[in-house]
Amino acid sequence: MSSLLPSWMEVEPCPVPVKGQDGFITRSLLAFVRLFERIDLNKRADSEKAHAGVKLLAAFSMILMMALSPAFGFTLCAAAVFLLFLSMQRLEVLHEVMRSAAGAAMLSFLILVPAYFLSGSMTFITISVKVFLSVAMLTYVSVTSPWNRLTVSLNRIHIPSIVVFILDLTLRYIAILGRKAEEMLTALCLRSIGKSEDHRRSFSGIAGTLFLKAAEYGHQTADAMECRLYDGTIHTEQRSRRNAWDIALLAVLGAFVLLFLYSMR
């Protein structure tokens, strides 16, 4: 008995994947996923360790002293202590800090290395090490401290409230718009069939939608602030007590201050 189906329907389909059919979308989606991994990492900060304000104070103080100290030995001591402390952190924190610091140090090294051939100066090594430590310290503070704790710390040192508010709102909306872009890229990836030669149209559509969403969110935020009679004042919670981590970090900072004063003699 012959089949009632046409012959072309009895042939088993064998799809042949096209090389590069969704490479642009996949790479863009992975970039957003890596961004959200950093944001999630900030939310897993250990509240039992040093507070964000103390870490921020220590980082800025060390960067300032390394920049002003003429002795390279002071920078090497700071590098030894910081790398020893960094080796005891979680693996994801270590990976994030080293990746950011190594990239900045390599860039400064490539920019300054021609000075060695022109003048024979070895200053480019000193500057590269200082750049590495500065970026590593700031990255560690940002990775291990939630953004809201950092903005509160900035407000407590009498930085204008409008500056802190703009910074905090910008960081929040970067995350919101990033997740919206991730959703649109995922939808575009699921609807893409075959190979597309015009990726600019897809990218411009996503960028335009994000612009409209940003404008809409901005109007909604302004209306909400007006309805709540927001006057620009940032209210912070009561200061928490210093713990053992804070005391230890301040003690190490005090020791480096004495070392810095000795190196300036």
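The values are calculated or read from the model by the stated rules, or taken from the named source; none is laboratory data. Everything quoted here is computed from the prediction, not taken from an experiment. As a convention, Cβ positions derive from the backbone with ideal geometry for all residues, glycine included, and neighbour counts pool all protein chains shown. All accessible areas refer to the heavy atoms of the entire protein, side chains included, with ligands and DNA or RNA removed. Shrake-Rupley method; radii C 1.70, N 1.55, O 1.52, S 1.80 Å.
Are there any pairs with C-beta distances below 7 angstrom linking a residue in segment 51-77 that is farther than 19 Å from Met122 by Cα and touching a residue at least 60 places away in the same chain (Cβ under 8 Å) to a residue that is open to solvent by 40 Å² or more (accessible area, probe 1.4 Å) and not in a helix (DSSP H, G or I), with the two at least 6 apart or on different chains, and if so which?
His51/Ser240
Of all the helices (runs of 4 or more DSSP H) wholly in segment 18-88, which have at least 3 residues that are more than 30 Å from Leu261 (Cβ to Cβ) and either open to solvent by 70 Å² or more (accessible area, probe 1.4 Å) or modelled with pLDDT of 60 or more (or both)?
Filter on segment 18-88 gives 23-43.
So if I check each of Leu185, Leu154, Leu133, Leu171, which one is modelled with pLDDT of 80 or more and not charged (D, E, K, R)? Please lay out each step first, then the result.
Numbers: Leu185 fails: modelled with pLDDT of 80 or more; Leu154 fails: modelled with pLDDT of 80 or more; Leu171 fails: modelled with pLDDT of 80 or more.
Criteria check complete, one pass: Leu133.
Please verify whether segment 251-260 includes one or more residues that are at pLDDT below 85 and either open to solvent by 50 Å² or more (accessible area, probe 1.4 Å) or part of a helix (DSSP H, G or I) (or both). Don't jump to the end; show me each part of the working.
Quick first cut of segment 251-260, residues at pLDDT below 85 only: none.
No - not one qualifying residue is present in segment 251-260.
Of the residues in segment 138-181, how many are in contact (Cβ under 8 Å) with a residue 60 or more places away in the chain and within 23 Å of Phe82 (Cα to Cα)?
Matching residues across segment 138-181 total 12.
Pairs please, first residue from segment 89-108 and of a type in the set (Lys, Arg), second anywhere and open to solvent by 80 Å² or more (accessible area, probe 1.4 Å), Cβ atoms under 8 Å, 6+ apart in sequence or on different chains.
Short answer, once both residue conditions are applied: none.
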